[in-house]
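First comes the structure, then the notes that go with it.
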Amino acid sequence: MLIRCPWCGERDLSEFYYGGDATLKRPAEDADLKAWHDYVYLRDNPKGPHKELWQHSAGCREFLVVTRDTLTHAISDVRPVKGI
Amino acid sequence: MSRYSVASLLRHSLRGHRGWARAWRDPEPKKHYDVVIIGGGGHGLASAYYLARLHGIRNVAVVEKGWLGGGNTGRNTTIVRSNYLIEPNAHFYEHSLKLWEGLSQELNYNVMFSQRGVLNLAHSDAQMDAAARRGNAMRLNGIDAELLTAEDVERMVPHLDFSGHARFPIHGGLLQPRGGTARHDAVAWGFARAASALGVDLIQNCEVTGIRRQANRVLGVETERGFIGCGRLGMAVAGNSGHVAAMAGLRLPIESHVLQAFVTEGLKPLIDTVVTYGAGHFYISQSDKGGLVLGGDIDGYNSYAQKGNMPLIEHCLAAGMQVFPCLSRLRILRHWGGVMDMSMDGSPIIGKTPLDNFYINGGWCYGGFKATPGSGWVFAHTIAHDRPHALNAAFTLDRFERGLAIDERGGGPTPNVH
Ligand SMILES: Cc1cc2nc3c(=O)[nH]c(=O)nc-3n(C[C@H](O)[C@H](O)[C@H](O)COP(=O)(O)OP(=O)(O)OC[C@H]3O[C@@H](n4cnc5c(N)ncnc54)[C@H](O)[C@@H]3O)c2cc1C
Ligand SMILES: [Zn+2]
């Protein structure tokens with residue numbers, strides 16, 4: 001698997017650190033327990049396109065939002081996390 | 001079902017092995033069953049078997065999208081053990097291990113359970129302390145455990161790196177003598193044959209594509225072969241747990257990840273036990289055909305693909321060479337991947353769901369093969385009585401809300417580190 005970092009170009013998977021589902025929204029500090037439970041523990045875990053966080057940890061160290069199909073591993077979109 | 005025995009083997013060999021009957025029936029699905037189980041892996045088949053055998057519920061179907069045992073049951077490295085530290089895990093896996101010990105007799109099918117021992121290596125004083133602690137916890141729970149010195153380990157597995165140059169020298173290890181391996185396919189086939197003989201319908205090539213609900217009850221499943229109604233519905237679909245639960249409108253504390261495994265070319269006997277490396281994640285045993293069966297970490301990103309990537313292969317084989325330098329010239333013959341249902345605390349979920357008559361069996365991470373008989377046993381009990389058995393009472397779906405996670409590793413809610 002190769003990920004095309006917007007800054008460094010196409011790089012091998014081994015240069016990246018996986019950060020999981022990028023669509024989770026952190027609840028407000030005073031949100032109820034259920035909102036926090038859902039945020040910390042529950043996942044959509046889709047079979048198909050998945051928006052996920054990757055850090056180019058052995059490169060520019062930027063966090064990226066990658067859209068990748070979990071069934072085929074094909075990557076359709078990569079963009080920096082800043083501005084999303 | 002005609003029994004398998006030495007006499008039947010002799011009788012059939014005289015007839016050139018042309019007269020063997022098929023091991024299980026291949027029925028058309030009925031309109032309605034008392035219980036439908038989604039997933040014809042070891043867990044689903046064992047659940048159906050124990051429902052029929054122990055709870056008198058025989059109007060049961062197992063609905064499988066591919067072929068029986070074609071999922072993780074047929075893809076795993078077959079290590080069976082009960083060397084757990086935390087209470088609920090220790091009791092549950094020990095119960096499962098006891099079932100393994102009588103399983104070939106129980107099913108009249110040779111599952112080739114081989115109690116060759118499972119040896120966890122320790123590479124520092126701190127790891128020796130942790131091994132002693134785990135071993136003592138196991139013994140207090142009535143589980144066999146032996147703390148080995150470096151000399152003991154060298155006598156037992158001489159091909160490990162005892163050269164004195166190892167980056168992580170071996171200080172000793174923790175041995176569970178009753179652990180071992182089993183023939184993965186045989187477990188699925190044995191449960192299938194025994195369940196079918198008790199009246200369970202095994203329906204293959206029949207993917208469940210939807211779950212029909214009315215208010216808080218499940219009415220049945222939509223499948224490739226039409227609607228099948230049921231009184232109670234259980235799911236045992238391993239890596240597909242999130243996908244199938246979503247059909248019932250549930251979100252789970254589970255992520256699907258890919259785990260790879262490897263088999264080398266065949267060798268003369270080299271390793272007569274199961275060895276796990278303590279300074280990296282690597283485990284190895286030798287199959288009866290002579291191939292070394294080995295594996296390590298999951299790839300670490302969400303995946304439903306039954307294939308992984310190269311970095312993990314290099315990582316896993318590098319760890320293997322650190323403990324067994326003699327592996328360096330071997331060729332890998334086969335390698336594959338399976339989809340793991342990684343839970344948020346590394347422990348399984350076996351129990352009720354927010355729906356009245358829908359039950360979940362999942363979150364097995366990469367340790368569910370050893371659980372196969374125990375998992376079916378407690379899941380059958382849970383479905384039959386509409387409440388968990390004491391052995392699975394802690395493995396609830398709502399334990400995360402209640403602050404009762406069962407985190408053997410202490411890794412927190414990050415599925416890719418368990
Ligand atoms: C590479 C690898 C190594 C492993 N090593 C070990 C080990 O050494 N020791 C150990 O204890 N465990 C190990 N495991 C884990 C173990 O294999 C699993 O936890 C266990 O086999 C799960 O059994 P199961 O019956 O729940 O799942 P499976 O055998 O995967 O069965 C689930 C079935 O559900 C079916 N299914 C899915 N979706 C649907 C649907 N919509 N409709 C109908 N059917 C459906 C699938 O086709 C599949 O056959 C390993 C796993 C892998 C992949
Ligand atoms: Zn970069």
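The values are calculated or read from the model by the stated rules, or taken from the named source; none is laboratory data. Worth saying up front: this structure is predicted, and the values here are computed from it rather than measured. Don't worry about glycine lacking a Cβ; one is built from the backbone with ideal geometry, like all the others, and counts go over all protein chains shown. To get the accessible areas, we keep the full protein, side chains included, count just its heavy atoms, and leave off ligands, DNA and RNA. Shrake-Rupley method; radii C 1.70, N 1.55, O 1.52, S 1.80 Å.
Details
- The sole residue among B:GLY19, B:GLY66 that is over 15 Å from B:ASN205 (Cα atoms), open to solvent by less than 70 Å² (accessible area, probe 1.4 Å) and in a loop (DSSP other than H, G, I, E, B) is B:GLY19.
- For the range A:1-34, a residue qualifies if it is among the acidic types (Asp, Glu), over 17 Å from B:GLY300 (Cα atoms) and within 14 Å of another protein chain (Cβ to nearest Cβ), and exactly one does: A:ASP32.
- Whichever residue in the range A:66-84 is free of Cβ contacts under 8 Å to residues at least 24 places away in the same chain and open to solvent by less than 70 Å² (accessible area, probe 1.4 Å) and, among such residues, is farthest from the other protein chains (Cβ to nearest Cβ): A:ASP77
- Residue within the range B:315-338 that is within 24 Å of B:TRP377 (Cβ to Cβ) and modelled with pLDDT of 95 or more present: yes
- Residues that are touching a residue at least 12 places away in the same chain (Cβ under 8 Å) and more than 18 Å from B:ARG116 (Cβ to Cβ) within the range B:139-148 comprise B:ASN141, B:GLY142, B:LEU147, listed in sequence order.
- Pairs where the first residue, in the range B:166-181, is more than 17 Å from B:ARG133 (Cα to Cα) and the second is part of a strand (DSSP E or B) and hydroxyl-bearing (Ser, Thr, Tyr), C-beta under 7 Å, 6+ apart: B:GLY180/B:SER114; B:THR181/B:SER114; B:THR181/B:SER285
Residue-by-condition table, conditions (1) of a type in the set (Lys, Arg); (2) within 16 Å of ligand 1 (Cβ to nearest atom):
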{"residue": "A:GLY20", "(1), (2)": "no, no"}
{"residue": "A:ARG26", "(1), (2)": "yes, no"}
{"residue": "A:ASP32", "(1), (2)": "no, no"}
{"residue": "A:TYR41", "(1), (2)": "no, no"}
{"residue": "A:ASN45", "(1), (2)": "no, yes"}
{"residue": "A:VAL66", "(1), (2)": "no, no"}
{"residue": "A:THR70", "(1), (2)": "no, yes"}
{"residue": "A:VAL78", "(1), (2)": "no, no"}
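- Scanning the range A:1-54 for residues that are under 13 Å from the mean Cα position of the chain (by Cα), within 12 Å of ligand 2 (Cβ to nearest atom) and surrounded by fewer than 18 Cβ atoms within 10 Å (Cβ to Cβ) yields one hit, A:TYR17.
- Of all the residues in the range B:22-52, those that are open to solvent by 10 Å² or more (accessible area, probe 1.4 Å) and over 24 Å from B:TRP364 (Cα atoms) number 12.
- Of the residues examined, B:ALA132 is not one that is out of contact with any His (no Cβ under 9 Å at 6 or more places or on another chain), surrounded by 20 or more Cβ atoms within 10 Å (Cβ to Cβ) and not in a loop (DSSP other than H, G, I, E, B).
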